Amino acid sequence: MSSLTATTAGPRLTVDLDAVASNVRALRGLVAGSVVAVVKADAFGHGAVAVARTALANGASALGVATLTEAIELRDAGLTARVLSWLNPVSAAFETGLRRDIQFAVPSLAHLAAITSAAKRSARTAEVHVHVDTGMARDGASRSEWAALFAEARRAEREGLVRVVGVMSHLPCAGEQHPSTEHGRRAFLDAVHLAHDAGLRPATLHLGATQAALNAPDTHFDAVRVGAGLYGIGEGLRPALTLTAPIIGIRSVSRGTPVGYGLTWRAPRDTRLALLPLGYADGLPRLAGPVAHVTLRDRPLPIAGTISMDQTVVDLGDCDAQPGDEVTVFGDGSEGEPTVSDWAAWANTIPHEIMTGLGARLERRYRSAP
Ligand SMILES: *Cc1c(COP(=O)(O)O)cnc(C)c1O
């Protein structure tokens with residue numbers, strides 16, 4: 001029945017865990033300290049649990065996520081590695097997190113108060129990373145708050161409610177030769193000195209992410225939080241995602257036939273059109289339509305007309321195709337197919353946004369294991 005299965009399968013996302021493993025090893029080899037594998041947003045759409053296991057088996061020392069919910073998903077799957085969650089509202093269920101041995105970033109006095117009171121209620125010591133902003137005005141504490149935050153964290157440490165195990169920040173332009181990287185590094189060192197002055201002895205200082213791992217060795221400190229790189233975003237790394245879709249219908253049209261919503265595209269000649277059962281609800285950016293293509297056995301097939309929510313039409317030209325044939329929407333590019341980065345360029349965005357926008361109804365499969 002395999003031919004029936006092949007012809008009835010819908011769009012499928014294949015995650016190559018060998019590529020993730022090879023990226024983790026490559027990044028591990030670049031940094032002096034440890035690698036925190038960032039598996040937020042369902043590991044950029046690759047599947048948080050499978051990526052976490054693969055990363056830990058290939059040299060990552062800990063896991064990083066944005067939210068507590070994401071951290072708990074990892075614990076529920078049986079992962080026992082260190083997990084750091086850095087983006088939570090003051091009202092988050094910190095007590096639940098502490099019971100599951102989740103570490104938290106502390107970006108404000110209000111967060112510290114919420115975490116210490118959760119520690120008191122659960123009779124635990126919270127392991128925290130003080131999160132400082134060193135030049136992107138986004139998610140850490142502003143410089144004017146550092147001294148008070150460190151002093152308060154030290155007081156909570158003396159009461160046995162928290163242990164400050166890290167100081168963290170983030171760089172906005174580490175992929176370019178940009179002065180903000182050196183400014184950020186110096187500001188980070190200022191924060192570390194203030195932490196020491198307050199009596200704290202954080203063992204893990206971490207500032208950089210993927211671009212810092214690749215381009216800014218003097219920002220590596222004790223650990224680098226690597227997200228994008230795991231998924232092949234970055235010079236020399238391997239993309240891990242392949243998206244394929246079956247042709248579910250073919251029609252012949254004459255030159256000038258308008259296609260799709262808005263009738264924005266007309267057949268440039270007599271041609272055949274193929275229908276693919278995926279669209280922007282599955283994560284294909286509608287903006288890319290006018291310039292994007294997919295491939296069928298190395299042949300590029302341009303998108304014909306507007307990408308719909310669930311459907312996309314491609315122009316077959318003289319390409320020989322049957323219903324049931326599988327087209328490649330993107331892959332690692334090794335067989336001439338587009339990559340996620342191509343789709344990102346076509347849609348005037350970055351590959352991260354394409355990866356995290358892939359829809360829940362795509363069937364996901366894994367190639368290889370940790
Ligand atoms: C997303 C994120 C990372 C990972 O960044 P990449 O560029 O994907 O490696 C690291 N740290 C923080 C605070 C983040 O939000």
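Residues that are basic (Lys, Arg) and either touching a strand residue (DSSP E or B) at 6+ places or on another chain (Cβ under 9 Å) or free of Cβ contacts under 8 Å to residues at least 12 places away in the same chain (or both): does region 88-99 have at least one?
No, that holds for no residue.
Here is a yes/no grid of residues against (1) within 16 Å of Ser85 (Cα to Cα); (2) of a type outside the set (A, V, I, L, M, F, W, C); (3) crowded, with 20+ Cβ neighbours inside 10 Å:
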site	(1), (2), (3)
Val128	yes, no, yes
Ala137	no, no, no
Ser144	no, yes, no
Ala148	no, no, no
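Please enumerate the residues belonging to region 126-165 that are touching a strand residue (DSSP E or B) at 6+ places or on another chain (Cβ under 8 Å) and in contact (Cβ under 8 Å) with a residue 60 or more places away in the chain.
His129, Val130, Val165
Would you check which residues across region 171-201 are within 15 Å of His129 (Cα to Cα) and within 16 Å of the ligand (Cβ to nearest atom) and list them?
Phe188, Ala191
Right, Ala123: crowded, with 17+ Cβ neighbours inside 10 Å and either modelled with pLDDT of 95 or more or in contact with a strand residue (DSSP E or B) (Cβ under 9 Å, 6 or more places away or on another chain) (or both) or not?
Taking the combined requirement at face value, the residue does not satisfy it.
Return yes or no: is Ser169 buried (at least 17 other Cβ atoms within 10 Å of the Cβ) and either over 22 Å from Ala93 (Cα atoms) or under 24 Å from the mean Cα position of the chain (by Cα) (or both)?
yes
Let me confirm something: among Val132, Val162, which residue is among the β-branched types (Val, Ile, Thr) and within 30 Å of Gly234 (Cβ to Cβ)?
Val132
Given Leu207, Leu243, which one is closer than 29 Å to Leu27 by Cβ and either touching a helix residue (DSSP H, G or I) at 6+ places or on another chain (Cβ under 6 Å) or within 16 Å of the ligand (Cβ to nearest atom) (or both)?
Leu207
Could you grab the pairs with beta carbons closer than 8 Å, sequence gap of 6+ or different chains, first residue in region 231-253 and without any contact (Cβ under 8 Å) to a residue 24 or more places away in the chain, second one part of a loop (DSSP other than H, G, I, E, B)?
Every condition considered, the pairs that remain are Ser252/Asp270; Val253/Ala267; Val253/Asp270.
Say whether the condition of being out of contact with any His (no Cβ under 8 Å at 6 or more places or on another chain), touching a residue at least 24 places away in the same chain (Cβ under 8 Å), more than 22 Å from Val20 (Cα to Cα) and buried (at least 18 other Cβ atoms within 10 Å of the Cβ) is met by at least one residue in region 336-345.
Looking through region 336-345, none of the residues is out of contact with any His (no Cβ under 8 Å at 6 or more places or on another chain), touching a residue at least 24 places away in the same chain (Cβ under 8 Å), more than 22 Å from Val20 (Cα to Cα) and buried (at least 18 other Cβ atoms within 10 Å of the Cβ).
The values are calculated or read from the model by the stated rules, or taken from the named source; none is laboratory data. Being a predicted model, the structure only gives us computed values, none of them experimental. Please note: Cβ atoms are built from the backbone with ideal geometry, for glycine as well, and neighbour counts cover all protein chains shown.
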